[in-house]
Amino acid sequence: LIQVVGVKEHDKFRGVYWVSFEDGTERLATINLTPGRRVYGEQLIQWEGKEYRVWNPYRSKLAAAIMNGLKVMPIAEGTRMLYLGAASGTTVSHISDIVGNNGIIYSVEFSPRVFREFMEKLVDQGRKNVIPILADARYPEQYIHIVRTVDIAYIDIAQPFQAKILADNADVYVKNNGYVMLVIKAMSIDVTKEPSETFKREIDVLKDRGYEILETVHLEPYDTAHAMVIGRKIS
Ligand code: SAM
């Protein structure tokens, strides 16, 4: 096993760390909120009394965006989030580490099989800042009795009309001047169009709905034909 030689916090994003290895490589990591427990087979690292979970950019598009120089990363300690398309919790688990016990992640997933896995890996393992919601993100009113106003809405559902679904949710749940984060998987939105055209069309949907676009980051080589878009809800 390659030895760890240092851990330092990301220069811009609190709660995100760089782990340095003796071979000169650096990997992203977060401090494990549930020490001793893994969520997706990630490497655990002990350093100066803390346990870190290595954050794999090939498995998490948010990590890929950070690796590719994302400038606006509104998720921090205490952040309240609505996360649409939680799947088995890979990315949610790292966000759970970052926001800590003062934050909250309302995590929406509509596949019962995947949801069960999410429950086993995150909720049953003691992540108290994660609120699991088995529901369809296309119908935000389904969870109106559970979700309170949030700082950020994030979507990664690999379905058509993601920008519209994100805006439908953010209109209801995101505070004024809060953020939206959109992962676009171009191929699943319209396979006949070039990725850049799909990105532009989805971005235009957000703009038309009154969201200001702050940044777009492509995720290659970690994920092909994907991009992360960060926007802001203008009051
Ligand atoms: N964001 C996850 C991560 O990084 O760990 C990966 C998400 S995966 C690409 C997309 C997930 O969205 C799938 O688990 C799928 O079941 C879910 N999904 C698709 N359409 C949905 C909808 N309308 N409402 C809720 N979840 C949906």
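The values are calculated or read from the model by the stated rules, or taken from the named source; none is laboratory data. Note that the structure is a prediction, hence the values are computed from the model and not measured. Note: ideal-geometry Cβ built from the backbone for every residue, glycine included; neighbour counts use all protein chains shown. The accessibility values were calculated without ligands, DNA or RNA, using every heavy atom of the protein model including side chains. Shrake-Rupley method; radii C 1.70, N 1.55, O 1.52, S 1.80 Å.
3J(HN,Hα) couplings calculated from phi for segment 142-156 with the Karplus curve 6.51 cos²θ - 1.76 cosθ + 1.60 (θ = phi - 60°) are, in sequence order, 4, 10, 4, 7, 10, 8, 9, 4, 10, 7, 9, 10, 10, 10, 8 Hz; Gly and Pro show x. Free of any GluC sites (Glu not before Pro) that DSSP assigns to a loop and that have at most 12 other C-beta atoms within 10 Å, the longest stretch within the chain is 78-235.
Beta bridges assigned by DSSP with both partners in the chain are antiparallel in approximately 60 percent of cases. Once you reduce segment 17-69 and segment 103-131 to the center of their Cα atoms, the two points are 20 Å from each other. Loop-resident chymotrypsin sites (Phe, Trp or Tyr not before Pro) (DSSP state other than H, G, I, E or B) in segment 47-98 with no more than 15 further Cβ atoms inside 10 Å of their Cβ: Y58. Put simply, when 124-132, 100-108 are sorted by average Cβ atoms within 10 angstrom per residue, most first, you get 100-108, 124-132. Pairs of Cα atoms in segment 113-235 fall into 10 Å distance bins, from 0 up to the last occupied one, in shares of 13, 39, 34, 13, 0 percent.
Accessible surface of segment 62-233, 1.4 Å probe: 51 percent of it comes from carbon and sulfur atoms.
The helix-only estimate of mean residue ellipticity at 222 nm for the chain, built from DSSP H runs of length n ≥ 4 each weighted as -39500 (n - 2.57), is -6500 deg cm²/dmol after division by the residue total. Tell me, what % of the accessible area of segment 1-45 is carbon and sulfur with a 1.4 angstrom probe? The computed percentage sits at 49. For V150, the residues whose amide H sits under 5 Å from its own are V174, K175, ignoring neighbours fewer than 5 places away on the same chain, with H placed 1.01 Å from N.
Which pairs in the list K8/K233; K12/K50; K164/K185; K128/K200; K61/K128 are over 26 Å apart, alpha-carbon to alpha-carbon? Pairs exceeding 26 Å: K8/K233; K128/K200. Backbone geometry of segment 75-80 corresponds, through the Karplus equation with coefficients 6.51, -1.76 and 1.60 at θ = phi - 60°, to 3J(HN,Hα) couplings of 7, 8, 3, x, 5, 10 Hz, x marking Gly and Pro. Across segment 93-108, computed HN-Hα scalar couplings (Karplus, 6.51 cos²θ - 1.76 cosθ + 1.60, θ = phi - 60°) run 5, 6, 5, 4, 4, 6, 6, x, 7, 8, x, 8, 10, 6, 10, 9 Hz from first to last residue, x flagging Gly and Pro.
Within the full protein context, the accessible area of H226 is estimated at about 10 Å² for a probe radius of 1.4 Å. Shape annotation for segment 4-55: C-alpha extents along the principal axes are 26, 25, 21 Å, from largest to smallest.
How much length is gained if the chain between E212 and T149 is pulled fully straight, taking 0.36 nm per residue apart and subtracting their Cα-Cα distance, in nm to one decimal?
In short, 20.8 nm is gained.
Computed with a 1.4 Å probe over protein heavy atoms only, the accessible surface of the chain comes to 46 Å² per residue. A probe of 1.4 angstrom, applied to the heavy atoms of all protein chains, finds M67 with accessible area near 60 square angstrom.
Only one residue of Y58, A76, Y17 has its Cα farthest out toward the positive end of the dipole of the chain, where Lys and Arg carry +1 and Asp and Glu -1 on Cβ, and that residue is A76. In terms of overall dimensions, segment 138-189 has a Cα radius of gyration and Dmax of 11.2, 34 angstrom. Axis of helix 162-173 versus longest Cα principal axis of the chain: the two differ by about 90°, to the nearest ten degrees. Equivalent-ellipsoid semi-axes for the chain (Cα gyration tensor, √(5λ), whole Å, largest first): 28, 21, 16.
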